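Below is one structure, written out as structure tokens; comments come after it.
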Amino acid sequence: MDDLRIRAAEPGDLDAVLAFWKVAAEGTSISDDRAGVERLVGRDPEALILAERGGELAGTVIAGFDGWRCHLYRLAVHPGHRRRGVGSALLAAAEERFVRLGGRRGDAMVLDRNALAHPAWRAAGYAPQPQWSRWVKRLAD
């Protein structure tokens, strides 16, 4: 894993990230567009973390911190790079960021139907919280 580079996304990376999510991420989000990702990086330049191997995008995670809670979204690893430590390295970088910012607990948005991801999240120390449900309301299209 010596050739794995972890870094914050830059504005020039955003089109590549959006294309990457179409290949590597499970499902889509209402914010999966240029404007949504630009807002994220503009508001919090260190939130979108990238993993590169051999100059190619191998994985992403969004590590959002609102000053109170630490939220993980869009952990995605390219199918050709899975089971090679990319996801673990991204989560370690996200957790280091949270600790540096004063965060005390991380939560992850993981699709129930994404059974492929569940073992990876469990191996990283995360577990579902059955007493909570996510309630959502669309504010815009």
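For region 111-141: of the residues being of a type in the set (A, V, I, L, M) and more than 20 Å from residue 31 (Cβ to Cβ), which is most open to solvent (accessible area, probe 1.4 Å)? Walk me through how you get there before you give the answer.
Filtering region 111-141 for residues of a type in the set (A, V, I, L, M) gives 111, 115-117, 120, 123-124, 127, 136, 139-140.
If we keep only those that are more than 20 Å from residue 31 (Cβ to Cβ) as well, we get 115-116, 120, 123-124, 127.
Numbers: 115: 66, 116: 120, 120: 61, 123: 93, 124: 44, 127: 77 Å².
Out of the qualifying residues, it is 116.
Quick check on this structure: which one of 58, 108, 92, 47 is more than 21 Å from residue 138 (Cα to Cα) and either surrounded by fewer than 12 Cβ atoms within 10 Å (Cβ to Cβ) or within 11 Å of the chain's Cα centre (by Cα) (or both)?
On the way: 58 fails: either surrounded by fewer than 12 Cβ atoms within 10 Å (Cβ to Cβ) or within 11 Å of the chain's Cα centre (by Cα) (or both); 108 fails: more than 21 Å from residue 138 (Cα to Cα); 92 fails: either surrounded by fewer than 12 Cβ atoms within 10 Å (Cβ to Cβ) or within 11 Å of the chain's Cα centre (by Cα) (or both).
Residue meeting the stated conditions: 47.
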Only one residue in 67, 42 is outside any strand (DSSP E or B), on the phi > 0 side of the Ramachandran plot and surrounded by fewer than 13 Cβ atoms within 10 Å (Cβ to Cβ), so which one is that?
67
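To keep it simple, each residue is scored yes or no on (1) more than 22 Å from residue 117 (Cα to Cα); (2) in contact (Cβ under 8 Å) with a residue 12 or more places away in the chain; (3) touching a Phe, Trp or Tyr at 6+ places or on another chain (Cβ under 9 Å).
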position	(1), (2), (3)
15	yes, yes, no
19	no, no, no
24	no, yes, no
49	no, yes, no
Criterion violated by residue 37 - all others in (1) without any contact (Cβ under 8 Å) to a residue 40 or more places away in the chain; (2) within 25 Å of residue 122 (Cβ to Cβ); (3) β-branched (Val, Ile, Thr) satisfied
(2)
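Can residue 28 be described as of a type in the set (Ser, Thr, Tyr) and part of a loop (DSSP other than H, G, I, E, B)?
Yes, satisfied.
Using the structure shown, decide if residue 74 is among the charged types (D, E, K, R), open to solvent by less than 50 Å² (accessible area, probe 1.4 Å) and closer than 19 Å to residue 21 by Cα.
Against the criterion (among the charged types (D, E, K, R), open to solvent by less than 50 Å² (accessible area, probe 1.4 Å) and closer than 19 Å to residue 21 by Cα), residue 74 qualifies.
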Can you tell me which of (1) in a helix (DSSP H, G or I); (2) under 25 Å from residue 17 (Cα atoms) is the one residue 122 doesn't meet?
(2)
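The values are calculated or read from the model by the stated rules, or taken from the named source; none is laboratory data. None of the values given here were measured: they were computed from a predicted structure. FYI the Cβ positions are ideal-geometry reconstructions off the backbone, even for glycines, and counts take in every protein chain you see. All accessible areas refer to the heavy atoms of the entire protein, side chains included, with ligands and DNA or RNA removed. Shrake-Rupley method; radii C 1.70, N 1.55, O 1.52, S 1.80 Å.
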